[in-house]
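Structure first, commentary second.
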Amino acid sequence: MVQPDVPCYKLVPHPSFGMGMVATRDILQGEVILTETPLLYMPMEDVESESEILERLAELTEEEQAAFWALCDMDASEGVPKTACGVVNTNAFTSGVNSDHSATYRLISRFNHSCINNLNRNTHYEEGGK
């Protein structure tokens, strides 16, 4: 029996991608899994600018910055350092009324996601992408 009051996910190590979310129980159709304010919410035109992302990161608390840098960068490897652009491009979701913004989250970004998904998300634009 599904228990909606019991968390339906947990954060676990992934052999290729650092940490990721996995289901801990069946998830009800239409169930709200997680509500989270993004670490970064920025126009899509800025996601390729390392300096723009770094400026926005500087506005975050040390703990929020650490959470951002703990996310995976698929472009980084041995000898190739992690970059802010790499973290955003690996973990961000398109957002905004016309998908004109990028949102990078502490936890939501750890859900496996792709262009072909089975997870729907709602963004509350008036709350800065929450």
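Averaged over its residues, segment 10-93 has an accessible area of 61 Å² per residue, based on protein heavy atoms and a 1.4 Å probe. Peptide packing: for 18-25, 78-85, the average count of neighbouring Cβ atoms within 10 Å per residue gives the ranking 18-25, 78-85, highest mean first. Surface composition of segment 37-110: carbon and sulfur atoms hold 50% of the protein heavy-atom accessible area at a 1.4 Å probe. Highest mean first, the peptides 67-76, 101-110, 27-36 sorted by other C-beta atoms within 10 Å per residue fall in the order 101-110, 67-76, 27-36. For the pair A58 and E36, the difference between a 0.36 nm per residue extended length and the Cα-Cα distance amounts to 5.9 nm. Under a 5 Å amide H cut-off, with hydrogens placed 1.01 Å from N, S102 pairs with M42, M44, S95 among residues at least 5 apart or on other chains. Between S49 and A66, full extension at 0.36 nm per residue minus the direct alpha carbon distance yields a gain of 4.1 nm.
The values are calculated or read from the model by the stated rules, or taken from the named source; none is laboratory data. All figures in this text were calculated on a predicted structure; none of them were measured in a lab. Glycine gets a Cβ as well: all are built from the backbone with ideal geometry, and neighbour counts include every protein chain shown. Ligands, DNA and RNA are excluded from the accessible area calculation, which covers all protein heavy atoms including side chains. Shrake-Rupley method; radii C 1.70, N 1.55, O 1.52, S 1.80 Å.
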